[in-house]
Amino acid sequence: MQRLKIEGGIRINGEISVQGAKNSALPLLSACVLSRGKVTLHNCPRLSDVFAACRILTCLGCSCSFDGNTVTVDPDTISRSYVPDDLMREMRSSIVFLGAVLGRMGRCSLSFPGGCELGPRPIDMHISALRQMGVVIKEEYGVLDCSCPKGLKGAKISLSFPSVGATENIMLAACLAKGDTVIYNAAREPEISDLAGFLNSCGARISGHGGSVIYITGVRELHDCEYSVMPDRIVSCTLLGAAALTGGEISLKNSRPQDIDAVLPVFEQMGCGVFVYDDNIYLNGKKALKAVKTIRTMPYPGFPTDAQAIIMAVLTKAQGTSVIVENIFENRYRHVDELVRMGADIKVEGKVAVVEGVKRLFGTNVIATDLRGGAALIIAALAADGETVISNVKLVDRGYENIEKQLGSVGARICRC
Ligand code: EPZ
C-alpha cells in the first residue's frame, strides 16, 4: 500500500498553478461520447479517476489518448453500450456515463454503482429523471438495463435536491433528445457550467446553467471541439489550507477565485490575509488562527462539502471553538478519528462536529479514509511536530495529481514511500 511520509513544522511558501478539476474532467470525458468527431481536452488532471473514465471510454469502443495534460478522445469508433461491473466499482461516479451513452447509442447497461465511503450514494433522482425522458429502466441482479425504444424526449424535470450528478446526467441525455428539457432546482456548481460550456462548444443548445433552472433544446448531432477543463476549486482550498495551517504564504495561479467565494471568507475569519487578483489568489497565514462561527455545508453557492475535511484540519489549531455541520453526506467525518490520533480535539454528534483548537498536533501513523479526508490528514501532517506517515494514499491520488510534487514545489518535505 503506497504511503506518504511528511516532515511537519515547515511553512508552505511559494507559487503554484492549480490543476484541472476532477469533478469537471469526469463529466466532460463522458460527454465526449456524444460528439461526432474527435474531442481534445486540455488541462485535464492525470488522476486515477480520470484514467478509470478513459478505461470506460475504451471499453465502449472509443479511442482515448493522453499527452501530458491533454486528452484526445475519438468517440466515432464507439461500438458498445455496456459498462462492466469492475469499471463501475472502480469509480462510482461512472454513473455520469449513463446519460451520454443513452444519448449516443439509445441504450446503456451498467452495474448499479455501489455506495462509497461517504454513504449509500443513491441514484433515484437520475433514474426518475431519465424515465421522464422516455428511458425504460430495468433494475435486476445489480444491473441497470436502460433503453429508449422511442428515442429520448425532452421533459420538464424538477429535482427534489440539486444533485450534481443527476443534473449532469439529464443535461447529457437532453442534448440530442427530441424537444426541450427544463431542469428545475438544478445544481449550480461551477462544474455544471463547465459541462454546459463544453457541450455548447460541441453545438448543444444549453442556457441557464449556473442558475437553478437549466434549459436544453435537443439538436440533431454534436460535433468535435477543443476545450480546457476548469481549475479544481477543491485543490485550491487544499493548497490555501496548507499555507494557513503551517503559517506560511502561497500564491495560486489559474485558480478562478469566484468558484470558492464561500470558502475565502472563512480563511479571513480565521485571521488569514487573502488577496484576489484576476485568476489568482494570495493567502498569508502568518497570524495565529482563530476559530470560526458555524460552517454549514450546502449545495453551491453554499460552503462546499468537499472542502469540509480540509477546513476542519485547518481549524484543529485555531484558537477557540469551531462548529461544522455536514448537511450533504451521511458519513463524511471518517477523517476525524485520524485527526484526533494526531492530537486534534474534535467531537462529532450526528451531522455536527465541534473542533476545539489545540496548540500542537503530533506526527504519527494515520490512514486516509477517503479522498478529501486524506487531503485533510496531509494538511495536518504539514503542521504537526515530527514525522507523519499516511497510508492508503491511492485514495488521495483519485483527486490530486502527484500531490507530493505539488506540495514539494511550495516547500513541503514530503515523499512517497
Ligand atoms: C458530486 O457527487 C461530486 N463528485 C462530489 O465530490 C461532491 O461532493 C458532490 O457532487 C456534492 O457537491 C463528482 O462530481 C464526481 P450529488 P454526486 O448527486 O454527483 C444525494 C469529491 O470528493 N442523492 O450532488 O454524487 C446523495 O446521496 C466528491 O470530489 C440522492 O439522494 O453528488 C448526496 O447525499 C465526493 N439521490 C447528495 O444527494 C440521487 O439520485 C448530493 O449528491 C443523487 C444524489
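Side notes on the structure shown:
- Exposure ranking of L98, L176 by accessible area [1.4 Å probe, largest first]: L176, L98
- Label point at Q319 placed 7 Å out along Cα→Cβ; residues across the range 344-376 whose backbone nitrogen lies under 17 Å: 356-361
- Gaussian network model of the chain, springs between alpha carbon atoms under 10 Å - residue of P122, P231, P190 with greatest fluctuation: P122
- Largest GNM mean-square fluctuation among S158, S251, S93, using the chain with Cα springs under 10 Å: S158.
- Of all accessible heavy-atom area on the chain, the percent that carbon and sulfur account for (1.4 Å): 49
- Here the Kirkwood formula puts the hydrodynamic radius of the range 176-263 at 15.1 Å, using every distinct Cα pair.
- Cα-based shape type of the range 1-128, given that a ≥ b ≥ c are square roots of the gyration tensor eigenvalues and the cut on a/c is 1.5: oblate
- Cα lying deepest toward the dipole's positive end in the range 140-195, options L172, I157, V143, charges on Cβ: I157
- Three-way shape call for the chain based on the alpha-carbon gyration tensor, with the a/c threshold at 1.5: prolate
- Under a Gaussian network description of the chain, with springs only between Cα atoms under 10 Å, the residue in I378, I346, I310 that fluctuates furthest is I346.
- Remark: for residue pairs K253/K287; K38/K150; K38/K178; K22/K178; K293/K359, the C-alpha separation exceeds 26 Å in K38/K150; K22/K178.
- A 1.4 Å probe run over the range 60-188, with the rest of the protein chains in place, finds 40 Å² accessible per residue.
- Gap separating the Cα centres of the range 373-417 and the range 132-149, nearest whole Å: 42
- Within the same chain, aspartates and glutamates fewer than 8 places from K290 are excluded, and of the rest, those with a Cα less than 13 Å from its Cα are E268, E356.
- Amide H to amide H distances under 5 Å link L222 with R36, where only residues 5 or more positions off or on other chains count and H is placed in the peptide plane.
- Y282 contributes an accessible area of around 50 Å² to the protein surface, as traced by a 1.4 Å probe with all chains present.
- Heavy-atom accessible surface of R104, to the nearest 10 Å², is about 30 Å², with a 1.4 Å probe and all protein chains retained.
- Rounded to 5, the percent of DSSP beta bridges in the chain classed as antiparallel: 70
- Going by accessible surface with a 1.4 Å probe and the largest first, M298, M230 read M298, M230.
- On the beta carbon distance between F275 and D145, with R0 = 45 Å, the FRET formula returns roughly 0.25.
- Cβ charges +1 (Lys, Arg) and -1 (Asp, Glu), total dipole of the range 262-339, debye: 380
- DSSP-defined beta bridges in the range 56-207 - what % are antiparallel, rounded to 5: 75
- About its Cα centre, the dipole of the chain is roughly 280 debye, where the only charges are +1 on Lys and Arg Cβ and -1 on Asp and Glu Cβ.
- P(r) weight above 22 Å for the range 99-231, C-alpha pairs, percent: 35
- For the set D259, D337, solvent exposure ranked by accessible area (probe 1.4 Å, protein chains only) runs largest to smallest as D337, D259.
- Pairs of Cα atoms farther than 19 Å apart, the range 284-361, %: 30
- Residue-averaged [θ]222 nm for the chain, counting only DSSP H segments that reach four residues, each worth -39500 (n - 2.57): -8500 deg cm²/dmol
- Shape of the range 1-72, Cα gyration tensor, a/c cut at 1.5: prolate
- The packing ranking of peptides 38-47, 265-274, highest mean first, is 38-47, 265-274, where packing means the average number of other beta carbon atoms within 10 angstrom of each residue.
The values are calculated or read from the model by the stated rules, or taken from the named source; none is laboratory data. Bear in mind that the values here come from a model prediction, so they are computed numbers and not experimental data. Using ideal geometry, Cβ is built from the backbone for each residue, glycine included, and neighbour counts are taken over all protein chains shown. What goes into the accessible areas is simple: the full protein's heavy atoms, side chains included, and nothing from ligands, DNA or RNA. Shrake-Rupley method; radii C 1.70, N 1.55, O 1.52, S 1.80 Å.
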